[in-house]
Each structure stands twice: as structure tokens, then as C-alpha cells.
1. Hey, what angle do you get for helix 69-88 against the long axis of the chain, alpha-carbon based, 0 to 90 degrees rounded to 10?
2. Between Arg80 and Ala13, what is 0.36 nm times their sequence separation minus the Cα-Cα distance? Round to one decimal in nm.
3. In a shell of Cβ-Cβ distance under 13 Å around Ala25, excluding Ala25 itself, what net charge do Lys and Arg (+1) and Asp and Glu (-1) give?
4. What is the angle, in °, between the Cα long axis of helix 50-64 and the longest principal axis of the Cα atoms in the chain? Nearest 10 is fine, range 0 to 90.
5. Treating only the Cβ atoms of Lys and Arg (+1) and Asp and Glu (-1) as charged, compute the dipole magnitude of the chain about its Cα centre; round to the nearest 20 debye.
6. So I have (i) 34, 28, 24; (ii) 74, 26, 25; (iii) 84, 18, 16, and one of them is Cα extents along the principal axes in Å calculated from this model. Which one is it?
7. Spin-label point model (7 Å from Cα, Cβ direction): what's the Ala4 to Ser41 distance in nm?
8. Quick check: net charge around Asn52, other residues with Cβ under 13 Å of its Cβ, Lys/Arg +1 and Asp/Glu -1?
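Read-outs: derived from the displayed coordinates by stated rules, not from any lab. Fair warning: this is a prediction, and the values are worked out from it, not measured in the lab. As a convention, Cβ positions derive from the backbone with ideal geometry for all residues, glycine included, and neighbour counts pool all protein chains shown.
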Amino acid sequence: MTTATIQIRKKGAITLPSELRTKYALGEGDVYTVIDLGDGSFLLSPNLSQINQLGDRVSEILKQQEVTLDDLLSTLDDERERYYQERYVRK
């Protein structure tokens with residue numbers, strides 16, 4: 001367990017030690033829930049969006065499969081054309 005001393009700054013801002021930010025990959029803009037444990041003790045819990053988690057997983061899979069943004073956009077164009085032809089073009 002790591003302990004550190006932090007200071008509350010203007011407008012209630014606190015800075016977490018860089019060791020903890022690095023260890024847990026914490027970054028600017030990350031959102032956390034503060035849980036009041038009583039007696040002045042607080043717990044910070046990551047407030048992770050499932051959308052962000054799923055996006056990260058999709059991104060990792062695409063990277064592993066070596067799929068580029070251009071590949072995705074090209075496929076999207078092809079699928080739109082196919083959908084249009086199936087739905088709106090009379091044969």
C-alpha cells in the first residue's frame with residue numbers, strides 16, 4: 001500500500017503523486033466517483049464509461065487485425081451503397 005501527502009489547492013483541486021498516476025494510467029479528464037467513508041476518509045473510484053471501454057476494445061482489435069481508418073471508411077461506403085441498392089433501386 002502506498003501513502004502520500006497531498007494538498008488541497010484553490011477551488012478544491014488536488015494533485016495525485018506521479019507514481020500513482022503512472023501506475024494506474026490516470027490522466028487529465030479522467031472521471032472518478034468520490035465515496036465518503038466517514039471520519040474524513042474518502043475513496044476515489046474510477047467512473048468508467050462502458051462506451052469508452054468498448055471503444056478501447058474495438059480499437060485494440062482493429063489494431064491487431066491491422067485495419068486502418070481508411071479501410072473502415074471504404075467498407076462503410078461500400079455497405080451504404082449495397083444498402084441503397086437493396087432498398088431503393090428497383091430491379
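1. Value to nearest ten degrees: 50.
2. 19.3 nm
3. Working: positive: Arg21, Lys23; negative: Glu19, Glu28, Asp30, Asp56.
Here the charged neighbours net out to -2.
4. Roughly 60 degrees between the two axes.
5. Result for the chain is approximately 320 debye, rounded to the nearest 20.
6. Computed from these coordinates, Cα extents along the principal axes in Å corresponds to label (ii).
7. 2.0 nm
8. Residues close to Asn52 contribute a combined charge of -2.
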